[in-house]
Amino acid sequence: MAACYSYRQYCSLGPLPPRTPARPDAQVPKDRKLGACAHGMIGAFYFYAEGSDDDPAFGFCDIELSVQHVAQGMLRLELYCIADGYQSTRGVGEHHPLKIAVFAGDKVLGVADWHFGDVICGHADPMHFSADIEMEDSMFGLIDRVELQKIDGWSQPCE
């Protein structure tokens, strides 16, 4: 195993993009009928080899995020992405989960831990994550962004 790290990435949230023939439909939320939602996108989130600031070990791209008011006092956070296994190592999320924070201004409303499946060398695999977070109903309308937080990680050599 080799140590690696990420930089934080975040996106503003807004309405779901409308359907159009030139773009695929939004992948999250899975069920739009469950309640009000907001949507955002992050182009890429990579882990870099320890000691390097530009050697990507593995990562995720085409990241879509949504927050949805699914029940009284409950927010659902969803993420869809493509795991990028075409870098230098295999990504391991078992012991170092990706931390996804929901913000209203400078206030963190909740954080979800995603123990992502292995990012397999030589693959570009779709991944989905969903977590329910308890939150006051009055706070939902104040949510303005989601952040993939800076964390340490682990990777393995490609075999």
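The values are calculated or read from the model by the stated rules, or taken from the named source; none is laboratory data. Predicted, not measured: the structure shown is a model, and the values here were computed from it. Cβ sites come from the backbone with ideal geometry, for glycine too, and all protein chains shown count toward neighbours. For the accessible areas, the whole protein counts, side chains as well, though only heavy atoms, and no ligand, DNA or RNA atoms are used. Shrake-Rupley method; radii C 1.70, N 1.55, O 1.52, S 1.80 Å.
A few remarks follow.
- Residue count for region 91-148 under the criterion of being farther than 24 Å from residue 36 by Cβ and not aromatic (Phe, Trp, Tyr): the result is 22.
- Counting only residues that are β-branched (Val, Ile, Thr) and in contact (Cβ under 8 Å) with a residue 60 or more places away in the chain, region 6-30 holds 1 of them.
- Any hit, region 48-64, residues being closer than 17 Å to residue 131 by Cβ and not hydrophobic (A, V, I, L, M, F, W, C): yes
- Residue 115 in contact with a Pro (Cβ under 7 Å, 6 or more places away or on another chain), open to solvent by 20 Å² or more (accessible area, probe 1.4 Å) and either closer than 21 Å to residue 44 by Cβ or at pLDDT below 95 (or both): yes
- Counting only strands (runs of 3 or more DSSP E) wholly contained in region 8-101, the ones carrying 3 or more residues that are open to solvent by 10 Å² or more (accessible area, probe 1.4 Å) and closer than 16 Å to residue 146 by Cα occupy 9-12, 37-49, 56-71.
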